[in-house]
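K.L.:
I am attaching a structure below and will ask some questions about it afterwards.
The values are calculated or read from the model by the stated rules, or taken from the named source; none is laboratory data. Only a predicted model underlies this, so the values are computations on that prediction, with no experimental measurement involved. As a convention, Cβ positions derive from the backbone with ideal geometry for all residues, glycine included, and neighbour counts pool all protein chains shown.
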Amino acid sequence: MNDPRWNKIRTHMNEQNLDGLLITEPKHVGYLTGFFSNPHERFLGLAIPKNDEPFLVVPALDLEAAKASSSVPLIHTHNDTDDAYALLSGWLGSGHQTFGIEKDHLSVARFERLNAALGASSYRDVGNVLNALRAAKTPEEIEKLRRAVHLIEAVLTEGLKQVRVGVTEIEIVAELEYQMKKLGAEGPSFDTMVLTGDKTALPHGNPGSRKIEAGDMLMFDMGVYLDGYASDITRTFAVAERPNDESVKIYETVLAANLAAIAHIRPGVTLASVDAAARDVITEAGYGEFFMHRLGHGLGMDVHEYPSVHGANEEQVTEGLCFTVEPGVYVAGECGVRIEDDVIVTADGVDVLTTFPKELTVIG
Ligand code: MN
Ligand code: MN
């Protein structure tokens, strides 16, 4: 197969002297073969022997679906009564001494079963190769991400119509998740978060029965899956009236940090420096200790994926990278503000996928 993804896998196998490798993370299997499936507890794997053709191993009940979508023509099946690892070892044949696996994904129990069947003398992690491949988005992937972002923005527009004093956080969540499905999403890309008042100071708070009050800050953090790709945006609003001066200052600081980070992004700078561009603004405003998380994370087939955008990541920003820019300030007992955009790195700068306005807005 003369596909850039496969060429990089084969090159890595040669460089690392791998006799074979096994991909088990279901999205990675899909990324390389076109067959996307959630096998639950059953075994699903893509095996790539060094000197032989690759093959898929799927539960027997998935054979027809795999045949319909897999670019890898050789497909083996196992039944619920089989030992899939013993079968796999037989199909791989002998001579697999140095073997590649995804150490982030293969549980200890599954590794022990694989090792008992295969008996390789050393196992190398190939997770980084897959992460690096996935990080470089193709034009088709970028358009899927853009559509996932635009869909969640349409959901936010609908959800804001339901905001008024006295409505609870969870009632807003219900409306938002209804709109996600109604507007065509596969579903939320993570648990939809709507927080109001002093609960906005909890970066990972849980929506509940708290009612929206006049003067509250109101935070939405949410995303959808659309066509296999995730969005993840945050907007924070004021409800019914202009919030107090402290809340306004926090908001303007976070917005300035978000804009400073975006202005800094281009190929060649480090991810650490992108984090610093935002963090410096917040620190100078006196809120440094209240920005207690990284600036962002990679986004793609998973809502959190490689790379991590934090102050110790000296990896370079590269064209095609998609990540979130989400500075926040959280003052316990007062309020929190986060503004999260999804961006794509272009040849000479950045393409901000998120289009929803960011100026402080009073709603409801
Ligand atoms: Mn988010
Ligand atoms: Mn995020």
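K.L.:
Every residue in region 227-246 that is in a loop (DSSP other than H, G, I, E, B) and within 16 Å of ligand 1 (Cβ to nearest atom), please.
P.N.:
Restricting attention to region 227-246, the residues satisfying the condition of being in a loop (DSSP other than H, G, I, E, B) are 227-228, 231-232, 240-244.
Selection gives SER231, ASP232.
K.L.:
Scan the strands (runs of 3 or more DSSP E) fully inside region 24-78 and keep the ones with 2 or more residues being within 20 Å of HIS105 (Cα to Cα) and modelled with pLDDT of 95 or more. Explain how you work it out, then say what you get.
P.N.:
Values: elements: 45-49, 55-59, 75-78.
Answer list for region 24-78: 45-49, 55-59.
K.L.:
In the set ALA260, ALA272, which member is outside any loop (DSSP other than H, G, I, E, B), without any contact (Cβ under 8 Å) to a residue 40 or more places away in the chain and away from ligand 1 (no atom under 16 Å from the Cβ)?
P.N.:
Values: ALA272 fails: without any contact (Cβ under 8 Å) to a residue 40 or more places away in the chain.
Going through ALA260, ALA272 in turn, the sole match is ALA260.
K.L.:
Kindly evaluate THR168 against the criterion of being in the same structural domain as ILE212 (by TED's automatic domain parsing) and touching a Lys or Arg at 6+ places or on another chain (Cβ under 8 Å). So that I can check it myself, show each step before the final result.
P.N.:
Details: in the same structural domain as ILE212 (by TED's automatic domain parsing): yes; touching a Lys or Arg at 6+ places or on another chain (Cβ under 8 Å): yes.
The answer is yes for THR168.
K.L.:
Still on this structure, please answer the following. For region 275-291, enumerate the residues that are over 19 Å from GLU315 (Cβ atoms) and in a helix (DSSP H, G or I).
P.N.:
Step one: of region 275-291, the residues over 19 Å from GLU315 (Cβ atoms) are 280-291.
ASP280, VAL281, ILE282, THR283, GLU284, GLY288, GLU289, PHE290 - these are the residues of region 275-291 that are over 19 Å from GLU315 (Cβ atoms) and in a helix (DSSP H, G or I).
K.L.:
So if I check each of THR98, THR24, which one is in contact with a strand residue (DSSP E or B) (Cβ under 6 Å, 6 or more places away or on another chain), hydroxyl-bearing (Ser, Thr, Tyr) and within 23 Å of GLU305 (Cβ to Cβ)?
P.N.:
Numbers: THR98 fails: within 23 Å of GLU305 (Cβ to Cβ).
Selected residue: THR24, the only one of THR98, THR24 that is in contact with a strand residue (DSSP E or B) (Cβ under 6 Å, 6 or more places away or on another chain), hydroxyl-bearing (Ser, Thr, Tyr) and within 23 Å of GLU305 (Cβ to Cβ).
K.L.:
Kindly check whether there is at least one residue in region 292-306 that is assigned by TED's automatic domain parsing to the domain that holds VAL149 and more than 18 Å from the chain's Cα centre (by Cα). Before you say what the answer is, go through the steps one by one.
P.N.:
Quick first cut of region 292-306, residues assigned by TED's automatic domain parsing to the domain that holds VAL149 only: 292-306.
Pick out the ones that are also more than 18 Å from the chain's Cα centre (by Cα) and you get 292.
Checked region 292-306: at least one residue is assigned by TED's automatic domain parsing to the domain that holds VAL149 and more than 18 Å from the chain's Cα centre (by Cα).
K.L.:
Oh, and also: Quick one: in region 193-226, which of the residues that are small (Gly, Ala, Ser) and more than 14 Å from ligand 1 (Cβ to nearest atom) is nearest to VAL248 (Cα to Cα)?
P.N.:
So in region 193-226, the residues small (Gly, Ala, Ser) come out as 197, 201, 205, 208-209, 214-215, 223.
Now drop any that are not more than 14 Å from ligand 1 (Cβ to nearest atom), which leaves 197, 201, 208-209, 214-215.
Numbers: GLY197: 14, ALA201: 14, GLY208: 25, SER209: 25, ALA214: 15, GLY215: 11 Å.
Per the stated criteria, the residue is GLY215.
K.L.:
So, LEU259, is that one within 22 Å of the chain's Cα centre (by Cα), more than 16 Å from ligand 2 (Cβ to nearest atom), surrounded by fewer than 21 Cβ atoms within 10 Å (Cβ to Cβ) and within 20 Å of VAL329 (Cα to Cα) or not? Write out each step before concluding.
P.N.:
Working: within 22 Å of the chain's Cα centre (by Cα): yes; more than 16 Å from ligand 2 (Cβ to nearest atom): yes; surrounded by fewer than 21 Cβ atoms within 10 Å (Cβ to Cβ): yes; within 20 Å of VAL329 (Cα to Cα): yes.
Answer is yes for this residue.
K.L.:
Does region 52-75 contain at least one residue that is among the hydrophobic types (A, V, I, L, M, F, W, C), out of contact with any Leu (no Cβ under 7 Å at 6 or more places or on another chain) and crowded, with 20+ Cβ neighbours inside 10 Å?
P.N.:
The answer is no, given that none of the residues of region 52-75 is among the hydrophobic types (A, V, I, L, M, F, W, C), out of contact with any Leu (no Cβ under 7 Å at 6 or more places or on another chain) and crowded, with 20+ Cβ neighbours inside 10 Å.
K.L.:
Quick one: in region 300-324, of everything that is among the polar types (S, T, N, Q) and more than 11 Å from ALA272 (Cα to Cα), which residue is farthest from ligand 1 (Cβ to nearest atom)? It would help to see each step written out before you state the result.
P.N.:
Residues of region 300-324 that are among the polar types (S, T, N, Q), as a first pass: 308, 313, 316, 318, 324.
So of that shortlist, the ones also more than 11 Å from ALA272 (Cα to Cα) come out as 318, 324.
On the way: THR318: 23, THR324: 7 Å.
Within region 300-324, the match that is farthest from ligand 1 (Cβ to nearest atom) is THR318.
K.L.:
Moving to a separate point now. Please count how many residues of region 188-242 are more than 25 Å from THR324 (Cβ to Cβ) and either within 16 Å of ligand 2 (Cβ to nearest atom) or crowded, with 22+ Cβ neighbours inside 10 Å (or both).
P.N.:
Residues flagged as more than 25 Å from THR324 (Cβ to Cβ) and either within 16 Å of ligand 2 (Cβ to nearest atom) or crowded, with 22+ Cβ neighbours inside 10 Å (or both) within region 188-242 amount to 1.
K.L.:
Is it fair to say GLU153 is on the phi < 0 side of the Ramachandran plot and in contact with a strand residue (DSSP E or B) (Cβ under 9 Å, 6 or more places away or on another chain)? Steps first, please.
P.N.:
On the way: on the phi < 0 side of the Ramachandran plot: yes; in contact with a strand residue (DSSP E or B) (Cβ under 9 Å, 6 or more places away or on another chain): yes.
Yes; evaluated as a whole, the condition is true for this residue.
K.L.:
In addition: Among (1) in a helix (DSSP H, G or I); (2) of a type in the set (Lys, Arg); (3) touching a strand residue (DSSP E or B) at 6+ places or on another chain (Cβ under 8 Å), which single condition is LYS249 missing?
P.N.:
Condition not satisfied by LYS249: (3).
K.L.:
Do we find that THR355 is surrounded by fewer than 24 Cβ atoms within 10 Å (Cβ to Cβ) and closer than 25 Å to SER189 by Cα in this structure? Can you show your working first?
P.N.:
On the way: surrounded by fewer than 24 Cβ atoms within 10 Å (Cβ to Cβ): yes; closer than 25 Å to SER189 by Cα: yes.
So THR355 fits the description; yes.
K.L.:
So, in region 224-257, how many residues would count as being touching a residue at least 60 places away in the same chain (Cβ under 8 Å) and either among the basic types (Lys, Arg) or not assigned by TED's automatic domain parsing to the domain that holds ILE142 (or both)? Talk me through it step by step, then tell me what you get.
P.N.:
Restricting attention to region 224-257, the residues satisfying the condition of being touching a residue at least 60 places away in the same chain (Cβ under 8 Å) are 224-243, 246-248, 250-255, 257.
Subsequent filtering for residues that are either among the basic types (Lys, Arg) or not assigned by TED's automatic domain parsing to the domain that holds ILE142 (or both) retains 235, 242.
Selection size over region 224-257: 2.
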